[in-house]
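K.L.:
Quick one: structure below, then a few questions.
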Amino acid sequence: MCGIIGYIGSKNSVPFLIEGLKKLEYRGYDSAGLAVAENGKVHRIRAVGKVAELEKAALLESPKGTCGIGHTRWATHGKPSEENSHPHTDCSGDIVVVHNGIIENFLPLKEKLQSRGHKFQSETDTETIAHLIEENLKYVSGKTPEERLLAAVFLTNAALRGAFAYGVMWTKAPNQIIGVKNQSPLVVGLGKNENFLASDVPAFLKYTNKVLFLEDGQTVVLRPDGVTLYGADGKTIKPKATKISWDEKTAEKGGYDHFMLKEIYDQPQALEDTLRTAREDFSRILGLKTEDLRKIRNVYMVACGTAYHAALIGKYYLENFAGVTASVDLASEFKYRTIPPAKDTLCIAVSQSGETADTLGAVKKAKELGFKRLAICNVLGSGLTRACNSVFYTHCGPEISVASTKAFSSQIISLYALAIFLGHASGNISQNQFNKLYKELMSVPKAVAETLKIEYDVRHLTRKIYKANRFIFLGRNVDYPIALEAALKLKEISYVSAEGFAAGEIKHGPISVIDKDTPVIVIMPQNQLFDKMLSACQECRARGAYVIAITTPDGKEAAASVSDKQIVVPQASEYLQPVLDIVALQFFAYWIAKRLGRDIDQPRNLAKSVTVE
Ligand code: F6R
């Protein structure tokens, strides 16, 4: 879980590398480094900490070279330190490698290389790649150093096992960078007399929107004037570029203090973009025939973290609208439990990044079980989209903040759209019902825009309670997963203990932790369970808790009689209310963390896409 960048062209690569790494910091930020080919030698700089530290070091040393690679790291092998920071080199120091992912067989490879005299400088698996290329160069032929490096890379690829992507350059072949992709993301930006290699598109989007998404097993050679793509068999493939519609500004903070806040405010547009796809013919998107869709009886959903909470809400949708049996598994658990074989089963994998290793592992298992696989995913061309038979893209734009916000709401409405479509196709809901539900769905972006107006109220109320050590969130039915998500959001960015519960459960145990120092946030929109939520408020208040009600206009008066503060969000239909409720709770988490002075966009110990198991 790291970010890779490479530049080759006619300009000094260093500013491109630093800028690209800053855009990739969401992938990891415990150390960073870069290397450029400078007058036939490698100029390498590495620094522990964020890219800003690397930038400072680069300003002092001012390396120059038109070919360079860089890296931002999230440690998997070896602690965050300068020695373990990328780029890594071979014994000569002329071959330089940056890498994302894990080389599973690096230990036996390292031992073999050491027995042949290779000296290692770090604890990383990455360094093995550089030494292996150095070793393989002894056995390959080729007219030019460029040809020899490529041949050595092919030999190296054949020896490596695991999920990885890497970039390599060699000072003896300074007119090329080679990129290799195997189950970790790697993309190429095609510029004018310059080309880029990166883990993700925002790294070079300012310079080009022409992108080549590499497939697993592919190797790419980048030169200033073009690229050559090779399949796993070493044969050339005609590259097919995609034009990305995200402009650079979309990937920037847009004037907000944090990406998280910007992304909360992005939601009306993001949801509009998600729904644009839902307006199209779903069966075409799903690549499944209507008669096959009608047959689906069981759905297994797999996801992690926030995406798992979206899937929990999706279960209510699928069971209620589509009339199918749906279960939700944490992807990391699904892989290891016994799933009975079943016909007509669909596995839905929900993931913002599409690169979460646990989710990819769960989908692999679903494939082995013979299930059809649908990805609900935000990142074009990601691993998950290739591991599934069909994809529903959430199209909510790049999400940079580690804490997921707009991806969550877009996943919820994607699942809603899918459920009503399936219900319609199978006859579980009538045409009239479908029309009504569809209309309600289409009104969500506007309702979310209206909900954003509550930021001031939420900000204000956090002033009194932001120093609390423990927060409890309560919800029921479709708002139960919202309580879980609110707790996750708060703890991940504020580092404060927070738990979400189904309100009916507190009397079975959790109530014992509630006292006067425990703010309890009760999600209680006006609906069939409103009275039960009033009782939950009373139970908490009786234990001295400071109770905050997240309610709707019709519930405000009653809520005020049993709570200390009320936040009023607009009323939506029962099943779409969670999309509005979560906005209040995203602001809540943001303002607590902000008042505590936390690093909101890059909270400690976390990374945006978790590409290791
Ligand atoms: C929380 C968060 C994580 C992710 C989880 C899955 O704010 O962002 O819990 O939701 O790591 O990531 P994706 O959706 O990329 O599979």
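The values are calculated or read from the model by the stated rules, or taken from the named source; none is laboratory data. Note that the structure is predicted; figures quoted are calculated from it, not measured. Counting neighbours? That spans all protein chains shown, and the Cβs are built from the backbone with ideal geometry, glycine included.
K.L.:
Between 400, 376, 413, which is closer than 26 Å to residue 210 by Cβ and in the same structural domain as residue 345 (by TED's automatic domain parsing)?
P.N.:
Only one candidate passes the filter, namely 400.
Quick grid of which residues meet (1) of a type in the set (S, T, N, Q); (2) more than 28 Å from residue 199 (Cα to Cα); (3) within 16 Å of the ligand (Cβ to nearest atom); (4) touching a His at 6+ places or on another chain (Cβ under 7 Å):
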| site | (1), (2), (3), (4) |
| --- | --- |
| 384 | no, no, yes, no |
| 388 | no, no, yes, no |
| 396 | no, no, yes, no |
| 401 | yes, no, yes, yes |
| 404 | yes, no, yes, no |
| 407 | no, no, yes, no |
| 410 | yes, no, yes, no |
| 417 | no, yes, no, no |
| 440 | no, yes, no, no |
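K.L.:
A further question follows. What residue, among those in the range 564-576 that are within 36 Å of the chain's Cα centre (by Cα) and of a type outside the set (A, V, I, L, M, F, W, C), is surrounded by the fewest Cβ atoms within 10 Å (Cβ to Cβ)? Steps first, please.
P.N.:
First, pick out the residues of the range 564-576 that are within 36 Å of the chain's Cα centre (by Cα): 565-576.
Then drop every residue that is not of a type outside the set (A, V, I, L, M, F, W, C), which leaves 565-566, 570-571, 573-575.
Working: 565: 19, 566: 21, 570: 18, 571: 17, 573: 15, 574: 18, 575: 22.
So, considering only residues that are within 36 Å of the chain's Cα centre (by Cα) and of a type outside the set (A, V, I, L, M, F, W, C), the one surrounded by the fewest Cβ atoms within 10 Å (Cβ to Cβ) is 573.
K.L.:
Still on this structure: Kindly establish whether residue 241 is aliphatic (A, V, I, L, M), modelled with pLDDT of 85 or more, away from the ligand (no atom under 16 Å from the Cβ) and outside the structural domain of residue 384 (by TED's automatic domain parsing).
P.N.:
Yes; evaluated as a whole, the condition is true for this residue.
K.L.:
Now for a different question. Could you say which residue among 490, 484, 474 is within 23 Å of the chain's Cα centre (by Cα) and either charged (D, E, K, R) or surrounded by 24 or more Cβ atoms within 10 Å (Cβ to Cβ) (or both)?
P.N.:
Within the list 490, 484, 474, the selection yields 490.
K.L.:
May I ask you to verify whether residue 549 is more than 36 Å from the chain's Cα centre (by Cα) and crowded, with 22+ Cβ neighbours inside 10 Å? Outline the logic, then answer.
P.N.:
Values: more than 36 Å from the chain's Cα centre (by Cα): no; crowded, with 22+ Cβ neighbours inside 10 Å: yes.
No: the conditions fail for residue 549.
K.L.:
Continuing with the same structure: Out of (1) within 21 Å of the chain's Cα centre (by Cα); (2) more than 15 Å from the ligand (Cβ to nearest atom); (3) not in a helix (DSSP H, G or I), the odd one out for residue 579 is which?
P.N.:
(3)
K.L.:
In a helix (DSSP H, G or I), under 16 Å from residue 460 (Cβ atoms) and more than 15 Å from the ligand (Cβ to nearest atom): is that true of residue 556 in this structure?
P.N.:
Details: in a helix (DSSP H, G or I): yes; under 16 Å from residue 460 (Cβ atoms): no; more than 15 Å from the ligand (Cβ to nearest atom): yes.
Against the criterion (in a helix (DSSP H, G or I), under 16 Å from residue 460 (Cβ atoms) and more than 15 Å from the ligand (Cβ to nearest atom)), residue 556 does not qualify.
K.L.:
Collect the residues in the range 38-68 that are part of a strand (DSSP E or B), in contact (Cβ under 8 Å) with a residue 60 or more places away in the chain and either out of contact with any strand residue (DSSP E or B) (no Cβ under 8 Å at 6 or more places or on another chain) or more than 15 Å from residue 168 (Cα to Cα) (or both), keeping them in residue-number order.
P.N.:
Result: 41, single match.
K.L.:
Here's a check for you: in the range 182-205, which residue that is surrounded by fewer than 24 Cβ atoms within 10 Å (Cβ to Cβ) and at negative phi is modelled with the lowest pLDDT?
P.N.:
That would be 202.
K.L.:
Hey, another quick one. Can you work out which of the residues in the range 338-353 that are within 16 Å of the ligand (Cβ to nearest atom) and within 22 Å of residue 422 (Cβ to Cβ) is surrounded by the fewest Cβ atoms within 10 Å (Cβ to Cβ)?
P.N.:
If we filter the range 338-353 for residues that are within 16 Å of the ligand (Cβ to nearest atom), which is where we start, we get 347-353.
Still in the list and also within 22 Å of residue 422 (Cβ to Cβ): 347-351.
On the way: 347: 25, 348: 27, 349: 30, 350: 33, 351: 34.
Filtering first and then ranking leaves 347.
For every residue, the table says whether it meets (1) aliphatic (A, V, I, L, M); (2) buried (at least 23 other Cβ atoms within 10 Å of the Cβ); (3) in contact with an Asp or Glu (Cβ under 6 Å, 6 or more places away or on another chain).
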| position | (1), (2), (3) |
| --- | --- |
| 403 | yes, yes, yes |
| 409 | no, yes, no |
| 417 | yes, yes, no |
| 430 | no, no, no |
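K.L.:
Right, next: Would you check which residues across the range 288-304 are away from the ligand (no atom under 13 Å from the Cβ) and either in a strand (DSSP E or B) or not assigned by TED's automatic domain parsing to the domain that holds residue 429 (or both) and list them?
P.N.:
Hits for the range 288-304 are 298, 299, 300.
K.L.:
Does residue 437 satisfy the criteria of being assigned to a strand (DSSP E or B) and assigned by TED's automatic domain parsing to the domain that holds residue 350?
P.N.:
Against the criterion (assigned to a strand (DSSP E or B) and assigned by TED's automatic domain parsing to the domain that holds residue 350), residue 437 does not qualify.
K.L.:
Could you please find all residues in the range 315-351 being of a type in the set (S, T, N, Q) and either over 29 Å from residue 574 (Cβ atoms) or in contact with an Asp or Glu (Cβ under 6 Å, 6 or more places away or on another chain) (or both)? Step through it out loud before you land on a result.
P.N.:
From the range 315-351, those of a type in the set (S, T, N, Q) are 320, 325, 327, 332, 338, 345, 351; that's our starting set.
Those that are of a type in the set (S, T, N, Q) and either over 29 Å from residue 574 (Cβ atoms) or in contact with an Asp or Glu (Cβ under 6 Å, 6 or more places away or on another chain) (or both): 332, 338.
K.L.:
Any idea which of 326, 307 is closer than 17 Å to residue 483 by Cα, assigned by TED's automatic domain parsing to the domain that holds residue 364 and either out of contact with any Gly (no Cβ under 7 Å at 6 or more places or on another chain) or not polar (S, T, N, Q) (or both)? I'd like the intermediate steps shown before the answer.
P.N.:
On the way: 326 fails: closer than 17 Å to residue 483 by Cα.
Residue meeting the stated conditions: 307.
K.L.:
Residues being within 11 Å of the ligand (Cβ to nearest atom) and modelled with pLDDT under 95: count how many of those fall in the range 357-374.
P.N.:
Number of matching residues: 1.
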